[in-house]
Amino acid sequence: MNSISIQAPRAGVLVRRGRRRVGRGLPAALALLPTALVVLVVYVGCMLWTVRLSFTGSTLLPRYDWVGFAQYVRLFANDRFLTSAGNIVIFGILFITGCLILGFLLAVFIDQNVRGEGVLRTIFLYPYAMSFIVTGVAWQWFLNPGLGLQKLMRDTGFPGFTFDWLVNPDMAIYTIVIAGIWHGAGLTMAILLAGLRGVDSDLWKAARVDGVPAWRYYLSVVLPLLRPMVVTATVLLATGVVKLYDLVVAMTLGGPGISTEVPAKFVMDHLFERNNIGLGTAAATIMLIAVVSILAPWVYARYVREEGGRV
Amino acid sequence: MTAVSVRDVSIAFGMLRVFDGLSLDIEEGEFVVLLGPSGCGKSTLLNAIAGLLDVSAGQIWIDGRNVTWDEPKDRGIAMVFQSYALYPRMSVRENMSFGLRMARTPKAEIDRRVTQAADLLQITHLLDRRPDQLSGGQRQRVAIGRALVRDAGVFLFDEPLSNLDAKLRNELRVEIKRLHARLGKATMIYVTHDQVEAMTLADRIVVMKEQKVQQIGSPAEIYGRPSNLFVAGFIGSPQMNFVRGRLEAEGNRLAFAAGRHRLPLDAYAFSDRPEPGREVVLGVRPEHVEPGASGVWPGFTIDIVEPMGADTVVWCSDGTETIQVRTSGTRRVAPGEGLSLGLDAAQVSLFAADTGERL
Amino acid sequence: MRSRSGGSTEPQGRRPRRITAGRIGLYAFLLTAALFFLLPLWIMLVTSLKPMEEIRLGNIVALPAALTFEAWGKAWSSACTGLACDGISVGFWNSVRILVPSVILSIALGAVNGYALSLWRIRGANLLFGILLMGAFIPYQVFLYPLVRIFSAVGVYNSLSCIVIVHAIFGLPTMTLLFRNYYAGIPADLFKAARVDGGGFWTIFLRVILPMSTPMLVVATILQVTGIWNDFILGLTFAGRENLPMTVQLNNIVHSTQGERAYNVDMAATMLAALVPLAVYFVSGRWFVRGIAAGAVKG
Ligand SMILES: Nc1ncnc2c1ncn2[C@@H]1O[C@H](COP(=O)(O)OP(=O)(O)OP(=O)(O)O)[C@@H](O)[C@H]1O
Ligand SMILES: [Mg+2]
């Protein structure tokens, strides 16, 4: 009997200090060593290295002089970069909202006890399994004005039909948005559908008894419940936005002209083709800053705070 | 006047038929409890009455209207769910008024009803909170409040208390009973698998098993004259004692016989006098067994004694039969003591051994 | 009440299934969406089965009038990627050679990391994990150039081992997170019991933890196979001319400037490049969804 009262507080301390992790040992630390090395060398080291290079006048080969913000000044006077930055904003906004809206509609509609639900789900999600290169090539072929959609419509009785966005510098970026949504909407649907399936079915019963119309139910009751899934999907899509490169390469190669250039491509071109390492790393640093400033609040809310809040 | 009438209703989930020609009439102002083990179809029946589930045959009438094809909102019903089903991220006030707003009720009227219901349930101080800021008991009050503002004639409850702890459950049970009394003419249909809730709340209990109604009656009838072995065993704690035996004739009188034990059945009210020789099961509630020195069934020995405070349950056995006896908590008994049991034929139940039906 | 003389209008039984406008709209929307999602695949498929004349004159969505698999053969064995004309088969085998070791290595690392991070107490582990997590979001462009320099200095740049290591490095965050979260769900008591029984770090991992990890191993494999197969930028940068993966080869075929563009060959090559991930997708079914849901935790 006595021993229990003595042990209780000790157990408490153990739980608090050790949290979940129960074992302690050298082998565990050794096992983590490669990862620690990678984190140190690649994730921290290479990042700092890139930032350092952006303050140099490096061209074909790295130089370790110090030119201050000269590369950044040049960067923000560079048409190509400004177009890239503008494009990524346009793409980001349209792609994310497009995927969220289409994904939400698909998820909600699929949740209505429709026939062939499994088939539809498979159809909506399969593009996500394919690479951006495949996606880009397919859409380039479909949207090319000479033999694709435009010709199809003209041949089938709409002789005046014009859809030349792919070769129109003002509109080409939107074809990339379309291809992007085609690729990513299914993912959004899958995430939101998983959320929908977790909604208490009694809620819909209560809403029916209350005479709440279905659309209102989804908007006022379900959507707020899906907020975590919407956030997850948004973050996932947003990381895709920043990485946007393959799709552009496959679909337009940045053209016509420079109308569909994006920052990732700007960096790649300057690092590996145009031999302007200083400018390329400066652009990469800007990308880094953009990503960190967008994601930091979310990572903080999701992991740091949650971690602290756990037992 | 009947408030709810279920007429010859069948319900099927795809190929699976759950109900087949079920009928049930519920009077206005009545408190009816649907009681049965999990999976017996209580929720299914309730959902069909609410219109949340289509019947595949038959009709449902509410308040003199055939509502078989009506939407739930047009049936004049309100419903309370086990999981509360409160709209998250809406305040209590918004939760209670959402349905009324959908029906374009004038604002003043909405306010009046919400205030009144909140008053009745003592949740006025919670009106501006959100569901996740409420305790379980408070949530269920809000859910009841949301049902109240609908001004419905019929209230449907689907296990509203089973997510609450024992103490809250008792509190809210009393509250619901009080509410029913206050509302006067409101009809309530209440689903539970808790026999205490059923016994304490109901005017009438509908006992169900495997999608069949077993017995409909007042709590006293259900408890005193269970219509079959299932009802007899399901209701009552500790359980009714069952003894297998046969009917024997003694002249033109009938007696129950099991081994060396006999019980004359002169005082038993047979619904239909059976012929002697029939295999039967005798059921007797623990509190109807009189332990003493001079009972009709001698030769029992006390096995285990379970003191429960107000009363004591004594398990005794004669080698073949084990019988539970409930005696006063003040009575001193010890294991190993010999007992003979006194039985009153007027208080026992007899069931046919083959069909399980009451004789 | 509402019954009339005939009595047949009395509501009874199942509600009559009115086909509502809403229901029609719902199906119309879903079918349109299905069409939108299927059209590119359909067009790729039919184009790859047509001869060039038919493509130039005919309808892009129409079934091939003269079915021919010639384009597939060409795409596989003789399409030109820049200078060489050996078809996309070269890329296919390169991708396979990259895929197998990369998947195994990255999953092994992720599993060990997840295990060490979730069940063992190591100082600085949280910091390590935090940086790793941030790393998952940072665009590759930030790391690529210095990485190239490092690999050149070590002398493995532009080789198979180089691209495998790179895939393992960039797979670390997701894989580690995946396994860490999974192992965090294992009852700590089980682990304690194994400790009491005298198991060490590796014994417990191999005997107790790994056998319980099958679901996560499947999910991780699906995730990595599709991810690595579909990679373009890393293969382009690190694999070297001899080991270019299929995506890069495909891009080269499509954008190769020699002669007239053979759309049917392009599309056949595209279909070939999509085959592996599509097969994974269709075979794994619900597991695929589970995989991206688990990977989405990272996102
Ligand atoms: N949607 C459904 N599809 C198929 N069968 C169903 C469905 N809903 C219920 N059932 C079946 O109908 C029977 C009755 O279910 P119901 O939910 O009405 O039981 P219940 O008495 O409310 O049980 P509980 O106390 O667990 O809530 C069960 O056998 C169940 O398996
Ligand atoms: Mg139920």
Quiz prompt | Complete set of residues in region A:117-141 that are more than 7 Å from every other protein chain (Cβ to nearest Cβ), more than 15 Å from A:His183 (Cα to Cα) and in contact with a helix residue (DSSP H, G or I) (Cβ under 9 Å, 6 or more places away or on another chain) | solution = A:Glu117, A:Val119
Quiz item: Failed condition for B:Asp25, given (1) touching a strand residue (DSSP E or B) at 6+ places or on another chain (Cβ under 7 Å); (2) in contact (Cβ under 8 Å) with a residue 40 or more places away in the chain; (3) over 19 Å from C:Arg18 (Cα atoms), with all others met?
Solution: (2)
Quiz prompt | Those residues of region C:227-241 which are facing another protein chain (nearest Cβ under 8 Å) and either in a loop (DSSP other than H, G, I, E, B) or over 20 Å from C:Leu275 (Cα atoms) (or both), in sequence order | solution = C:Asp231, C:Phe232, C:Thr237
Practice problem: May I ask you to say which residue of B:Arg112, B:Arg89 is in contact (Cβ under 8 Å) with a residue 40 or more places away in the chain, assigned by TED's automatic domain parsing to the domain that holds B:Val191 and surrounded by fewer than 18 Cβ atoms within 10 Å (Cβ to Cβ)? | Solution: B:Arg89
Self-check item: Failed item in (1) surrounded by fewer than 19 Cβ atoms within 10 Å (Cβ to Cβ); (2) more than 9 Å from ligand 1 (Cβ to nearest atom), with B:Leu53 passing the rest
Solution: (2)
Quiz item: When you go through B:Gly64, B:Gly39, B:Gly21, B:Gly14 one by one, which is the residue that is within 16 Å of ligand 2 (Cβ to nearest atom), at pLDDT below 90 and of a type outside the set (A, V, I, L, M, F, W, C)?
Solution: B:Gly39
Quiz prompt | Pick from region A:262-285, criterion facing another protein chain (nearest Cβ under 10 Å) and of a type in the set (Val, Ile, Thr), ranking: nearest to A:Ser58 (Cα to Cα) | solution = A:Ile277
Exercise. Could you grab me the full set of residues in region B:19-50 that are more than 13 Å from ligand 1 (Cβ to nearest atom) and either under 22 Å from B:His193 (Cβ atoms) or of a type in the set (Asp, Glu) (or both)?
Key: B:Leu24, B:Asp25, B:Ile26, B:Glu27, B:Glu28, B:Glu30, B:Phe31, B:Val32
Quiz item: Restricting attention to region B:228-270, which residues are surrounded by fewer than 13 Cβ atoms within 10 Å (Cβ to Cβ) and within 17 Å of B:Val325 (Cβ to Cβ)?
Solution: B:Ser237
Quiz item: Residues in region C:201-217 that are within 14 Å of another protein chain (Cβ to nearest Cβ) and surrounded by fewer than 16 Cβ atoms within 10 Å (Cβ to Cβ): how many?
Solution: 4
Quiz item: Taking region B:162-197 as the search range and keeping residues that are within 16 Å of ligand 1 (Cβ to nearest atom) and buried (at least 23 other Cβ atoms within 10 Å of the Cβ), which one is farthest from the other protein chains (Cβ to nearest Cβ)?
Solution: B:Glu197
Quiz item: Among C:Gly114, C:Gly87, which is the only one that is more than 28 Å from A:Ile289 (Cα to Cα), touching a Lys or Arg at 6+ places or on another chain (Cβ under 6 Å) and more than 9 Å from chain A (Cβ to nearest Cβ)?
Solution: C:Gly114
Exercise. Evaluate region B:271-291: report whether one residue or more is in a loop (DSSP other than H, G, I, E, B), among the hydrophobic types (A, V, I, L, M, F, W, C) and modelled with pLDDT under 85.
Key: no
Quiz prompt | Considering residues of region B:56-83 that are within 15 Å of ligand 1 (Cβ to nearest atom) and either among the hydrophobic types (A, V, I, L, M, F, W, C) or under 23 Å from the mean Cα position of the chain (by Cα) (or both) only, the residue farthest from C:Gly13 (Cα to Cα) | solution = B:Ser83
Self-check item: Failed item, numbered, when C:Gly135 is tested on (1) over 30 Å from C:Met212 (Cβ atoms); (2) in contact (Cβ under 8 Å) with a residue 24 or more places away in the chain
Solution: (1)
Quiz item: Among C:Val148, C:Val166, which is at pLDDT 90 or above, touching a Phe, Trp or Tyr at 6+ places or on another chain (Cβ under 7 Å) and either surrounded by 23 or more Cβ atoms within 10 Å (Cβ to Cβ) or over 23 Å from A:Ala284 (Cβ atoms) (or both)?
Solution: C:Val166
Quiz item: So which residues in region A:215-261 are within 18 Å of the chain's Cα centre (by Cα) and facing another protein chain (nearest Cβ under 7 Å), if there are any at all?
Solution: A:Thr232, A:Val235, A:Leu236, A:Thr239, A:Val242, A:Lys243, A:Tyr245, A:Asp246, A:Val249
Quiz item: Within region A:178-214, which residues are within 9 Å of another protein chain (Cβ to nearest Cβ) and under 25 Å from A:Gly98 (Cβ atoms)?
Solution: A:Ala179, A:Trp182, A:Ala185, A:Gly186, A:Leu187, A:Ala190, A:Ile191, A:Leu193, A:Ala194, A:Ala214
Quiz item: If we scan region B:134-141, do we find a residue that is closer than 20 Å to B:Met90 by Cβ, hydroxyl-bearing (Ser, Thr, Tyr) and in the same structural domain as B:Gln214 (by TED's automatic domain parsing)?
Solution: yes
Practice problem: Please tell me if A:Val248 is surrounded by fewer than 24 Cβ atoms within 10 Å (Cβ to Cβ) and among the aliphatic types (A, V, I, L, M). | Solution: no
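The values are calculated or read from the model by the stated rules, or taken from the named source; none is laboratory data. These figures come from a predicted structure and were not determined experimentally. Because the Cβ atoms are built from the backbone with ideal geometry, glycine has one as well, and the counts that use them run over all protein chains shown.
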